[in-house]
Amino acid sequence: MSVDTAPERAPEPAAAPQVSLRRILPPVVTGQEIVLLVVVVVLWVLLGIFTPAFLTTGSIGPLLVQVAPIALVGVGMTFVIITAGIDVSVAAMIMVSAVVTARMMVGLDIPAPLAVLVAIAIGLALGMINGLLIAYGRVHPIIITFGTANVFQWLGLRVFDSSTVNGIPGTLDFLGRGDPGRTLGVPHSFAIAVVAVAVAWWFLRYAKAGRSLYAIGGNQNAARLAGIKVQPRLVWVYAVTGALAGLAACMMIATGTSTLDQSVGSGKELQVIAAVVIGGTSIIGGRGSVVGTLLGAILVQTVVSGVTQLGWPTQLGFLFVGIFIVIAVGTDLIRERARRRA
Amino acid sequence: MKISRRITGALALTAAAAVVLAGCTSRNDTGSTGESGAPEGGDEQVTVAFVPKLQGIPYFEAMNTGGQQAAEELGFEWLYQGPTTADAAAQADIVRSFIQQGVDVLFVAPNDPNSMAPLLQEAQDAGIHVATTDTDAPDSVRELFVSQASVQGIGEQLTDSLMEAMGGAGKYAIVSCGETAANLNAWIEVQEAYTASDYPNAEIVDIVYAGEDQAAATQMALDLMNSNPDLTGLIGECTSSAPGVAEAVASADRIGEVFTVGLGTPQAMLPYLESGASSASILWDVEGLGWLTGWAGVQLANDGDLGDTASITNEALTDVSYDEATSELLLGPPTVFTADNAGDYDY
């Protein structure tokens, strides 16, 4: 994988003047994002025609609320996968953040801003552990995060202490599904996710630190030789993912019932990775976009909700999501091969 | 790379230590019950082990509480350990460890009855009395199934409670959990037949499966309400989807238009029962089920008479019956929890 055949992989981070930087940047939107957008729009139109109420605020609203935590954690996961890493501990981080925050909301009746801060701080700390182990341990991220996922799981279960957290107050309702969670029909949680995506899009495209993530994913050694501080960047990437998982945990508490059980977050790591991969981020690193991730998350939930609203068997949702993943990875590999040949 | 090798070594050591420690704690935890003397005679107490589908959820913890209570009152040793996810393989490992320990009686609430059957055979070959509780493994060598309520009883009570709220007519949908869960599917079958025969103006429009995921159950309930504008009822078929569907009705501001009932634990359902998002929760005395499981274990170990339900000393259990033909011990009719009585239970 030579550096100059894949311009978006390793831009000269050290001394590239503004003009040449703009010239080597990929187009504002890429093919995969347009394809995804078209697929989502077509599906929404079809579902709008064939179901009685898919395109109503009562249906799209909850759908976007369901998408929000996936897209939010997906932003962090996109960073991680761009650096050729992966984080399978996000579900466990969500669980730990959620249970500690929920316990504090019940026991100490903490106000909403503090609850959000606590959740983010816990996620950040856990993500930092991942980052430090991965950056300085030099073991593959899947092994590290698989290990920490189990440790976090244990930690969360200790806090649960073989029971559920009951009587959670409505402190976080502004992130929920109901009326307090919407302004002008737009769910706050989804708006937060969109803002996160926008900031991350700008960061990955225009900030030097953001561009360096692509370089790390393309070739870590080359990036190091080019003067990028690889280790601190990696720590930062996993820490951000943890912090976003903490914020997502607040959304899960808000959209859940007044009882929190140990299943909170379970399976979310795979949903997040599915959204990122369908969004066109290359699983081998060096390429990817957060806009794609947002669209991927919307696509997955559209398919799952669509299957239910059409009255089709629930299992079909798995089949369709699986097919989307295979298609997305397949096209990515084909493009990669074409690029290498070029 | 020296560093990575050293760290890998450290990780391996930590992992090994964790495994050893985990083994120790589980033994210590479980050995703490029956201190009182054994009235059955002999120098060793009867040990009754129970492997739930999942440890740490209120339902099985309540069963554990009942079992411990029975252990204290009847004088036997009650062991309780389950997987942290509803995973058949993890459950099988725990069953194997109890076979290794050589318990007297082994109760399982199998996640997958089919894959559990050979293990139960293995346990029986090792001289252990095997039985099921909460969920049956019909095609196995189990000597007894402690049933929380008859399939008929639950299916009909769910339907009756929902119909009472819906006025005996209208369209409703079921949000179930595991697509292969035998007990849930058996209840659904009864609900379908009973609705068709006794409520001709009511109709089940869809049955969906949310897994054990509460948020997914809520989303599916919302999708169902959107796709069926004339839907007036929802049933949450398990303890995670029952509050899930109630939350959907509450968040969509449809309380009083769409009615829900479900199999939910009282504490989780209480806020929804109070707000009217849930009309009733159908369950049974879960602690009583644990108690009865313990009692049945002692009877099995001593080759006692399971039909001798008069010897049950728990005052809450008055409707227990034993069916010799199917080897089923039945707790009694299901309990209906409403806003009035749900607060009396602490699970």
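The values are calculated or read from the model by the stated rules, or taken from the named source; none is laboratory data. Model, not experiment: these values are computed from the prediction. In this analysis, Cβ positions are derived from the backbone assuming ideal geometry, glycine residues included, and neighbour counts consider all displayed protein chains. Side chains included, ligands, DNA and RNA excluded: accessible areas come from the protein's heavy atoms. Shrake-Rupley method; radii C 1.70, N 1.55, O 1.52, S 1.80 Å.
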### Message
Could you compute Rg(Cα) / (2.2 N^0.38 Å) for the protein assembly as shown, with N its residue count?
### Response
1.03
### Query
Around A:Gly127, what is the net charge, scoring Lys/Arg as +1 and Asp/Glu as -1 over all other residues with Cβ under 15 Å from its Cβ?
0
### Message
Quick check: the angle from helix B:151-166's long axis to the longest principal axis of chain B, C-alpha only, nearest 10 degrees?
### Response
30 degrees
### Within straight-line cross-link reach of A:Lys208, aspartates and glutamates at Cα separation under 20 Å, skipping those fewer than 8 residues along the same chain
A:Asp4, A:Glu8, A:Glu12
### Task
Please name which of B:Leu317, B:Tyr345, B:Gly307 has its Cα lying farthest along the dipole of the stretch B:301-347 towards the positive end, using unit charges on Cβ (Lys, Arg +1; Asp, Glu -1) and the Cα centre as origin.
B:Tyr345
### Query
Roughly speaking, what is the stretch gain from B:Asp198 to B:Glu122, that is 0.36 nm per residue apart minus the C-alpha to C-alpha distance, in nm to one decimal?
22.9 nm
### Task
Report, as a whole number in µm² per second, the diffusion coefficient that Stokes-Einstein gives for chain A at 4 °C and 1.567 mPa s using the Kirkwood radius over alpha carbon pairs.
63 µm²/s
### Message
Test of understanding: given chain B, find the longest segment containing no GluC sites (Glu not before Pro) that are in a DSSP loop and have at most 12 other Cβ atoms within 10 Å.
### Response
B:45-256
### Message
Just to be sure I understand: if you take the accessible area of chain A alone plus chain B alone and subtract the pair, with a 1.4 Å probe, what total do you get in Å², rounded to 100?
### Response
2900 Å²
### Query
Tilt of helix B:182-198 relative to the longest C-alpha principal axis of chain B, in degrees (0 to 90, nearest 10)?
30 degrees
### Query
Does the stretch B:151-283 come out rounded, prolate or oblate, given a ≥ b ≥ c as the square roots of the eigenvalues of its C-alpha gyration tensor, rounded meaning a/c under 1.5 and, failing that, prolate meaning a/b above b/c?
rounded
#### Entry: Segment A:Arg335-A:Asn150, extension gain: residue separation times 0.36 nm, minus the distance between their alpha carbons
63.0 nm
### Between 0 and 90°, nearest 10: helix A:315-341 axis offset from chain A longest Cα axis
10 degrees
#### Entry: Separation between Cα centres of the stretch A:125-146 and the stretch A:314-342, rounded to whole Å
27 Å
## Note on the structure
Comparing A:Val197, A:Val303, A:Val29 in a Gaussian network model of chain A (Cα, 10 Å), the one with the largest mean-square fluctuation is A:Val29
### Query
For chain B, what percent of Cα pairs sit more than 27 Å apart?
49 percent
### Query
So what are the ³J(HN,Hα) numbers for the stretch A:296-302, from phi and the Karplus equation (6.51, -1.76, 1.60; θ = phi - 60°), rounded to whole Hz, Gly and Pro as x?
x, 5, 5, 4, 4, 5, 4
### Task
Could you work out how far apart the two model spin labels at B:Asp230 and B:Gln152 are, taking each label as a point 7 Å from the Cα in the direction of the beta carbon, and quote it in nm?
3.3 nm
### Query
Loop-only check: which chymotrypsin sites (Phe, Trp or Tyr not before Pro) in the stretch A:38-143 are DSSP coil with at most 13 other Cβ within 10 angstrom?
none
### Message
Looking only at chain B, where both bridge partners belong to it, what percent of the DSSP beta bridges are antiparallel (to the nearest 5)?
### Response
15 percent
### Summary
Taking Cα pairs closer than 8 Å and at least 6 residues apart, the relative contact order of the stretch A:28-341 in percent is 33 percent
## Note on the structure
Per the C-alpha gyration tensor (a ≥ b ≥ c, the square roots of its eigenvalues), the stretch B:154-202 is rounded if a/c is under 1.5, else prolate if a/b beats b/c, else oblate; here it's prolate
### Query
Taking 0.36 nm per intervening residue step and subtracting the Cα-Cα distance, what contour gain separates A:Ile34 from A:Lys208 on full extension?
60.1 nm
